[in-house]
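Peer 1: The structure is given below, and queries will be raised subsequently.
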Amino acid sequence: MKAAVLVGQNEPLEIIEVELPHLMVGQVLVKVQNSGICGKQLEEIDGRRGPDPYIPHLLGHEGAGIVEEIGPGVTKVKPGDHVVLHWVKSRGIDSVPPRYNWNGTEVSAGWVTTFSEHTIVSENRATVIPKSIGFDVAALLGCAVTTGLGIVFNDAAMKPGQSIAVFGAGGIGLNVVQGASLVNAIPIVAVDRFENKLKWASDFGATNTIDTSDGDLKNQLIDLSNGSGFDVTVDTTGNSEVRQMAFEVTSNTGITIFAGVPNVSDRISIDSFPLHFGRRLIGSHGGGTNPDFDIPRYVRLYQAKKLDLDSQITHRYNLSDINQAVEQVRSGQVGRCIIAP
């Protein structure tokens, strides 16, 4: 099968032919129909968290496809099922990760990868969806949508009337905004440096937007929070200065949630004193998502036209153009970018 493989950090992905191994206990063979490109893949390519000991390896952790074969012990899915592929564990066997062959070279992979024509995933990284749902929007449920909504519903447990500021209006940030709108948060402030992303944030429910190049950012945020800070602030950028800003504009009884991944050497400096009196600071792990419980709920919201998935997709590429797609995502000029193997 054809697959996009990371052969070196800070190098283009290579489209190569790899051999599929035999299925082991708990593994599922899926024909990939669509894959998203998440910030995690950029981090792996760029080596944001340091040297990668598993190169060469496959990439991609949000996708959708059709089950073709199941390995021993698998009961959750069957051939013919349409599934969302996700990186967060759900119900089922946590299998060993597959190893592919490339002309005698072992190619590593995680429990789910999606930049390929087929993929072998662990049973607990696949969730069945109705066959009426398009594979393109289903792919978004593998990470960006579930993480963004989960930050609102699970990590922050937001209530109607609470306030929120979202730093970074990319794939996760837009869905934090959309989730906050679903629970009637007010105000919902989106902060970004790209005008197009601020426009999308408004379309998805942001009541206010702030361009980071416009004046004193902190004072603007404090003003929008009526001087008391926000009930919830969310950083999706991983930028140290932005993360510190998010904490500083959180109210004394509010919560700061870090969703963005920092560079391995980055550190922040905060005044921890407010933590003793009710302010909270956490890192989000996929929005606390339970895929087998949450994805069906989000599918129902989508079917009822309460959740907008289609408008998030702004660019589509074939697998052969994966490096062009990666650079497009890196430029900040896309909403969600979909790959079709």
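Peer 1: Need a quick list: helices (runs of 4 or more DSSP H) entirely within region 158-244 having at least 2 residues that are touching a residue at least 12 places away in the same chain (Cβ under 8 Å) and more than 27 Å from V334 (Cβ to Cβ).
Peer 2: Here the list reads 217-224.
Peer 1: Can you tell me which residues in region 288-341 are in a strand (DSSP E or B) and among the hydroxyl-bearing types (S, T, Y)?
Peer 2: Hits for region 288-341 are T314, Y317.
Peer 1: Going by the structure shown, is K131 in the same structural domain as L319 (by TED's automatic domain parsing), among the charged types (D, E, K, R) and within 15 Å of the chain's Cα centre (by Cα)?
Peer 2: Spelling it out, it is not the case that K131 is in the same structural domain as L319 (by TED's automatic domain parsing), among the charged types (D, E, K, R) and within 15 Å of the chain's Cα centre (by Cα).
Peer 1: Got a sec? Which of V18, V77 is under 21 Å from G104 (Cα atoms), assigned by TED's automatic domain parsing to the domain that holds R316 and of a type outside the set (S, T, Y)?
Peer 2: V18 is the lone residue from the list that is under 21 Å from G104 (Cα atoms), assigned by TED's automatic domain parsing to the domain that holds R316 and of a type outside the set (S, T, Y).
Peer 1: Quick one: which residue in V84, V74, V137, V88 is within 12 Å of L29 (Cα to Cα) and crowded, with 20+ Cβ neighbours inside 10 Å?
Peer 2: V74
Peer 1: Still on this structure, I have one more. Can you name every residue in region 183-199 that is crowded, with 16+ Cβ neighbours inside 10 Å and either out of contact with any Ser or Thr (no Cβ under 8 Å at 6 or more places or on another chain) or outside the structural domain of V232 (by TED's automatic domain parsing) (or both)?
Peer 2: Once the filter is applied, which keeps residues that are crowded, with 16+ Cβ neighbours inside 10 Å and either out of contact with any Ser or Thr (no Cβ under 8 Å at 6 or more places or on another chain) or outside the structural domain of V232 (by TED's automatic domain parsing) (or both), region 183-199 yields V183, F194, K197.
Peer 1: In addition: Among the candidates G60, G65, which residue alone is in contact with a strand residue (DSSP E or B) (Cβ under 8 Å, 6 or more places away or on another chain) and either in a strand (DSSP E or B) or surrounded by fewer than 18 Cβ atoms within 10 Å (Cβ to Cβ) (or both)?
Peer 2: G65
Peer 1: From (1) at pLDDT below 95; (2) within 17 Å of the chain's Cα centre (by Cα), pick out the condition that doesn't hold for G288.
Peer 2: Of the numbered conditions (1) at pLDDT below 95; (2) within 17 Å of the chain's Cα centre (by Cα), the odd one out for G288 is (1).
The rows are residues; the columns are (1) among the polar types (S, T, N, Q); (2) touching a helix residue (DSSP H, G or I) at 6+ places or on another chain (Cβ under 7 Å).
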| position | (1), (2) |
| --- | --- |
| G73 | no, no |
| K89 | no, yes |
| E106 | no, no |
| N124 | yes, no |
| T147 | yes, yes |
| V152 | no, yes |
| G168 | no, no |
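Peer 1: Out of (1) closer than 27 Å to G161 by Cβ; (2) touching a helix residue (DSSP H, G or I) at 6+ places or on another chain (Cβ under 8 Å), the odd one out for P262 is which?
Peer 2: (1)
Peer 1: Can I ask one more? Return the pair list, or none, for Cβ contacts closer than 8 Å from residues in region 299-318 that are under 15 Å from L141 (Cα atoms) and outside the structural domain of W200 (by TED's automatic domain parsing) to residues that are part of a strand (DSSP E or B) and of a type in the set (V, I, T), at least 6 apart or on different chains.
Peer 2: Pairs found: I313/I338.
Peer 1: Still on this structure: Being surrounded by 18 or more Cβ atoms within 10 Å (Cβ to Cβ) and in contact with a Gly (Cβ under 9 Å, 6 or more places away or on another chain) narrows it down to one of N34, N10, so name that one.
Peer 2: N34
Peer 1: Taking D203 and the conditions (1) among the acidic types (D, E); (2) surrounded by fewer than 20 Cβ atoms within 10 Å (Cβ to Cβ); (3) farther than 19 Å from A304 by Cα; (4) at pLDDT 95 or above, which numbered condition does it fall short on, given that it satisfies the others?
Peer 2: All conditions pass for D203, except number (3).
Peer 1: For R91, work out the one condition from (1) part of a loop (DSSP other than H, G, I, E, B); (2) within 22 Å of the chain's Cα centre (by Cα); (3) at pLDDT below 95 it doesn't fulfil.
Peer 2: (3)
The values are calculated or read from the model by the stated rules, or taken from the named source; none is laboratory data. Model, not experiment: these values are computed from the prediction. No Cβ is skipped: glycine too gets one built from the backbone with ideal geometry, and neighbour counts run over all protein chains shown.
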